[in-house]
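First the structure, in the form of C-alpha cells, and then the observations on it.
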Amino acid sequence: MTATRSQTRPDTSARRPGDPRTARTRALSERERPLWMLLPGGVLMLVVIVVPLLVGVYIAMLDLDQYTLRQWFSAPFVGLANFAEAFTDSPLLHSIWISVSLSVLVTAVTVPIGVAAAISTQNRFPGRGLVRSVYLIPYVLPAFVVGTFFRTMLQPQGVVNTVFGTDVLWLNGSASYWALAGVMVWTSWPFVYLLSLAGLQAVDNEVHEAAALDGVTWWAKLRYIVFPYLRGPLSLAVIISILHNINNFTLPFVLFGIPLPSSVEVMPVLTYIASFQSFRFGLSAAMAICSLVIVAIPLFVYLRAVRLDTGDDAGPTRKQRRADLATLTAPAAADLEGARA
Amino acid sequence: MSAHGTPFAGSTRTRPTATLTESITAPGRRPGRRPYDTDVTRLLPRWLLVVVIAVIIAFIAAPVLYILFGSVNSDVAVARGEYFPSEFTLANYVAIWDTVALGQGLVNSILTAGAVAVASAALAVSTAYVLVRFRFLGRLTILRGLLALQSIPGTLLLLPVFVVFANIASATGVQVIGTRWGLFVTYLTFALPFSTWVMVTYLRGLPKELEEAARIDGASSGRILRSVVLPLSWPGIVVSAIFAFLLGWNDVLFSTIMTTPNTRTVAVVLQVLGTAQEGGAVPIYGQMMAASIVCAVPVVALYLVFQRYLVGGLTAGSVK
C-alpha cells in the first residue's frame, strides 16, 4: 500500500518516475481520471447522432422535396408551416391514435402472458432449461422474418383462415389492426417474461417458508406475496414496451407493405411514406419530431425511474441491490428489444 | 433453493435432486396428502404448471412449426393454406438462391453487421470503463443520454442521415448512399449507445479490487484497461457485439432506403422476394418460408451459442 512497496516491484514501469506525491492524497482509483478514453466513442456519437438530430429539426422547417434535396440548405424556409400541415392536413393525429392505442393494448396483453411464463419456470423441473429457451424464440427471431411468415399465414387463403374456418381479410381493412396487435403480442411478450424473472428471483426463501407455515393457497401466495415483488420490474417493463411498440416500424411495414391499410397506419410508417413515397421531406421531418414528443412522455418516466448509479461505495442494502437487479436487467433486455425494432 | 434445510421443506419431495440436508430432515415427517406439492418455493400447483407451459409452448410453436413445414412444402400447397405438407421437398431451399440474390444479401448483411459489431464493441469498452469507474461532471447526463438515445425513433434519424449523405455526395463526389460504408455508419448511430450501455451494466458487476491492486502496482489507466479490465470483460464484450450485430441484421428501415441491389442486406432481399411474387402469377410462399429460415438461422444460432451470456450473464452477473 505504501510507496516503498510499489517501488520495490519491478513491474511498475507504467508509472512515470516523477509521479507527484500530492496526487496520492486523492482516493486511489480517482488519482488519474482518463477522461480522454471517452473521446472516440463520444465524438462518434456526437457526429452520427446529435448532428443528424439537429439537421432533422432544421429540415422540419424547410419546404424540402426531391428537387431541392441536393441543396437542402437553400430550400425555402417555412417556419412551422410543416407542423401546421401535419396536424391539420395529414393523417398524423389518426396515426398517433393508432400507434398509442396499439402500443398500450399490446403491452396490456403481454403483461399477464409474461408473468405467467416467468412463474411457470420459476421452480425447477426436468426440462426447465429447454422450456426457457423455447420461451425466448419469438423474441430472438428477427422482426422481418416474423412479419414475413405471419404475412403468409394471414393471406385470405392462408393457414389462419383455413384452420379456423374463417373468411377474414387480415391484411386489409379493419381486421388488420387486430392482426398487427396479435403479431406484436406474439413477438414482444418474452420481454415482460425476462423482467418478471428478475423480479421473481428477488423473492426470499424466508418469505416462501412463512407463506407455507401460514398455509396459504397458491393463488393467495401469488396475489399477496409474489406479485408485490413484481411491481417494480413490471412497471419498468410496461414503460419500455410502450416505448418500443410505438417505435415499431419493421412489423407493420413487413406485414402489410406499402401502402398500409388505414387502420394500421402507425406513426413510423407514416413518416417513412411522407419521406420516401411522397417526397415531402420537410413534412416528414415535422412528423418525426411530433413522434419524438409522443415517445418523450414514457421516456421521461423511464429515465426518472431507472437508477443510473449503483452507489457501490456506500455498500448497497439488499433492497437497493434488488432495485439494481431490475434496472440492470431492463436496459439489457431493452437492448434485445431495440435490436429488433 | 438448496439453502433451506428447514424441517418442513421438501419432506415429501419426489424429485430426485433432493439435497443431503433435505434427506436428513425428511424422515421427521410423514408424507402428506399432496405428494407433489410440498416444496415451499412452489408457485403453482402441478396441474396448472403443466397447463400454463403447454399453452405458452403451443402459442409459440404453432407459427414456428408452420414456417418449418412451409419451407419443405410446395409453393402451391402453402398458398392453399396447408399446415402439414402433403409431400416433403427440399426444392425450396435450392430454388431461393436463384429466385433472388439471397447469397449476396447474406454476404452484405454479414459484412455490414459484423463491422458494426466489432467497431461498436471496441469503442464501447473504453467509454463504459470511464463511465463506470470514474466520477466527473456530466457523467449522469451521459448515462441518461445513452438510455434516451436508444429510444429515439429510427424514422427521426433516417431522413437527416439521408440528406447529409446525399449532400456529401454532391459536395465531394463520394457516393455514400447505397454503399456498405454508409449503412455501417448509420447502424453505428444505434449500436454505439446500445453497446456502451451493455458494457456499463457489465463492468459494474466486476469487482473494483483487481483494478485497485493493479493501480497500486503502478499501472496507468490505459494499462489497467488493457491488462485487467479487457481480459475480464469478454462476456460483456461478446454480448454487446452480438446486440450490435443483431441491430444491423434485423434492420429494415434504413436498408430499404440506403442500399442498391448490389448492397442489399438480407432483410431487404426477403422483402423483395415477398413483393416479387405479388406481381407474378405463381405464388412462391414455400420459397419465402425457406428464405425466412435462412435469414433466421444465424440469429438463432448466435442466441443458442451465447444464450448463457445473453440472458443469464447480464442479469445474474451484474449483481454478483
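I want to confirm something. Restricting to region A:81-96 and keeping residues that are of a type in the set (A, V, I, L, M) and touching a residue at least 24 places away in the same chain (Cβ under 8 Å), which single residue is surrounded by the most Cβ atoms within 10 Å (Cβ to Cβ)?
The extreme case among them is A:86.
Would you point out which residue out of B:195, B:170, B:221 is of a type in the set (Ser, Thr, Tyr), surrounded by 22 or more Cβ atoms within 10 Å (Cβ to Cβ) and either under 21 Å from residue B:260 (Cα atoms) or touching a residue at least 60 places away in the same chain (Cβ under 8 Å) (or both)?
B:195
State all residues of region A:232-244 that are over 12 Å from residue A:192 (Cβ atoms) and within 10 Å of the chain's Cα centre (by Cα); if no residue qualifies, say none.
Within region A:232-244, just A:243 meets the criteria.
Please find, among A:104, A:100, the residue that is within 13 Å of residue A:188 (Cα to Cα) and either at pLDDT 95 or above or surrounded by fewer than 21 Cβ atoms within 10 Å (Cβ to Cβ) (or both).
On the way: A:100 fails: within 13 Å of residue A:188 (Cα to Cα).
One residue alone meets the criteria, A:104.
Scan region A:197-225 for residues that are part of a helix (DSSP H, G or I) and within 22 Å of residue A:136 (Cβ to Cβ) and jot them down.
A:197, A:198, A:199, A:200, A:201
Inside region A:114-160, can you point out the residues that are of a type in the set (A, V, I, L, M), part of a helix (DSSP H, G or I) and facing chain B (nearest Cβ under 7 Å)?
A:116, A:117, A:119, A:131, A:134, A:137, A:140, A:143, A:145, A:153, A:159
In region B:118-151, what count of residues is obtained for those that are within 7 Å of chain A (Cβ to nearest Cβ) and within 19 Å of the chain's Cα centre (by Cα)?
5
Go through region B:63-78 and give me each residue that's out of contact with any helix residue (DSSP H, G or I) (no Cβ under 8 Å at 6 or more places or on another chain) and within 9 Å of chain A (Cβ to nearest Cβ).
none
Consider only pairs whose beta carbons are under 6 Å apart and that are at least six residues apart or on different chains; among these, list those whose first residue lies in region A:222-233 and is in contact (Cβ under 8 Å) with a residue 40 or more places away in the chain and whose second residue is assigned to a helix (DSSP H, G or I).
A:230/A:196; A:230/A:199; A:232/A:326; A:233/A:195; A:233/A:198; A:233/A:199; A:233/A:326
Enumerate the helices (runs of 4 or more DSSP H) found wholly within region B:165-278, keeping only those where 1 or more residues are basic (Lys, Arg).
B:180-204, B:208-216, B:221-224
The values are calculated or read from the model by the stated rules, or taken from the named source; none is laboratory data. Note that the structure is a prediction, hence the values are computed from the model and not measured. Using ideal geometry, Cβ is built from the backbone for each residue, glycine included, and neighbour counts are taken over all protein chains shown.
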